[in-house]
Amino acid sequence: MRGVWYAVVLTTGGYCAPGNPVLAAAAPAGLAGLPSTNAPLASGDGVRLAARLGAGTVDMDALQVHPTGFVPLGDAPPAGEGAAAAAVAPPPPPTVFLAPEALRGCGGVLLDAAGGRFVNELDARDVVTAAMTAAAAGGGGGDGRRRVFLVLSAAAVGAFGEATAAFYAARGLMARIPPPSAAADGGGGGVLAALDARVGLPAAAVAATLAAYARSVGGVADGTSKKVFPQAVSYELERLEREGLWVAAVTPALHYSMGGLTFSASAEVLSAATAKPIRRLYAAGEVTGGLFGGNRLGGCSLLDCAVSVSALSARSSSRYSEREVSTRYGSRRSLVVRSSSMVPINDDSRGRVNRGADAEYSEALTPATQPCAAASS
Ligand SMILES: Cc1cc2nc3c(=O)[nH]c(=O)nc-3n(C[C@H](O)[C@H](O)[C@H](O)COP(=O)(O)OP(=O)(O)OC[C@H]3O[C@@H](n4cnc5c(N)ncnc54)[C@H](O)[C@@H]3O)c2cc1C
């Protein structure tokens, strides 16, 4: 790293971006080929940088897989070629759009390629992922592409937000199957036949599955452990025919790296050799490891920030930046390594706000001084 920095806070995020060397070294065999919901910026640079300084890492193989990344549906196949077209659907791209949990939370139903349900859609991420992987690998009539289908009634999409669903549809990630009378081709067999034609889901099997799902609202066992049935009644065939439905193809995708740099209660990065703090090197956020153990609860990234960003690393680093230090750029600097800092560096003893961290950062990270190329998002 060029320049002399009195304290460095690494906030470079995780390492789930496809194809980066940290991920390649850490990922267990079964996860190596998965697509990722992460942008290229999650490249593991902070881990690599700190490792060069002797930093320790923990739980590097603990990677959270999100069950539902969107697989683009592609163009609608020619009439009558739904199943054939689905069978040759391309594999997911390396980076996929996240299909949010809310799609299932609002009543979305997961179907394998044979049109059957195979899991409680509201179960934990790892449980749903394991069931999807088994279903897509052949068990339950999958098609071997790690891809299953997410089907939503119009009411489920209404609860989720039709505008957002329309956004996904505009990007080719979801498709609305309109009621037959409104279909451009005039229908020809009902809404489930139209679904079959679009993605190759067998209409008769889907009809039976959704009928059972609609009945499950009354407590009839549905073959999964699902106990809460959002919008189940809206899957009654007569209602689907009247209101249409929506469909997406989804696949498990790498989402979050629980592993990362070992750090102290003051967010100091710890040495691999001695487990003692590496002087003036701090880390915060997803670049750190060990906070969540083997599995992060979804939506808990704020914990990373609450634990390590504002409470600890900013304070600790400002303790150093308080002192007069000579650097090639002047004096009293803390460097927050990220491209857009949200970390105000506070004087921990008196609560004064130090000179703006953002301004300081952008001043510091000129192309000539930037330690690693900023990964663009
Ligand atoms: C699609 C998606 C949805 C998510 N939804 C949620 C959610 O609902 N709730 C939740 O709690 N969590 C969610 N997460 C996880 C959460 O977004 C991340 O854990 C969190 O953003 C990590 O914050 P961070 O500040 O550590 O790193 P990031 O937000 O990843 O920021 C790292 C920054 O460092 C920069 N950087 C990296 N390398 C370098 C370098 N070499 N030089 C300079 N700059 C560099 C990057 O460009 C980036 O700006 C989601 C993640 C994804 C991918």
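Read the figures in this text as sums done on the coordinates, not as results from a lab. Source: prediction; values computed, not measured. Methodologically, a virtual Cβ is constructed for each residue, glycine included, from the backbone with ideal geometry; neighbour enumeration extends over all protein chains shown.
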State the extension gain, in nm to one decimal, for the chain segment bounded by GLU241 and ALA32, taking 0.36 nm per residue of separation less the distance between their alpha-carbons.
71.1 nm
Length added when fully stretched, ALA114-SER301, from 0.36 nm per residue minus Cα-Cα:
63.7 nm
Which far-off residues, 5 or more places away or on another chain, put their amide H under 5 Å from the one on SER271, with H placed in the peptide plane?
GLY56, LYS276, ILE278
Taking PHE70, PHE97 and counting other C-beta atoms within 10 Å, the order from fewest to most:
PHE97, PHE70
Could you list TYR235, TYR282 so that the one with the fewest beta carbons within 10 Å of its beta carbon is first and the one with the most is last?
TYR235, TYR282
Sticking with the crude label model, points 7 Å out along Cα→Cβ, report the distance from ALA24 to ALA102 in nm, one decimal please.
3.8
Vicinal HN-Hα couplings computed from phi for region 96-105 (Karplus, 6.51 cos²θ - 1.76 cosθ + 1.60; Hz; Gly/Pro x)
10, 5, 6, 8, x, 3, 4, 4, 7, x
Pair LEU53, VAL127: separation of 7 Å Cα→Cβ label points (nm)
4.2
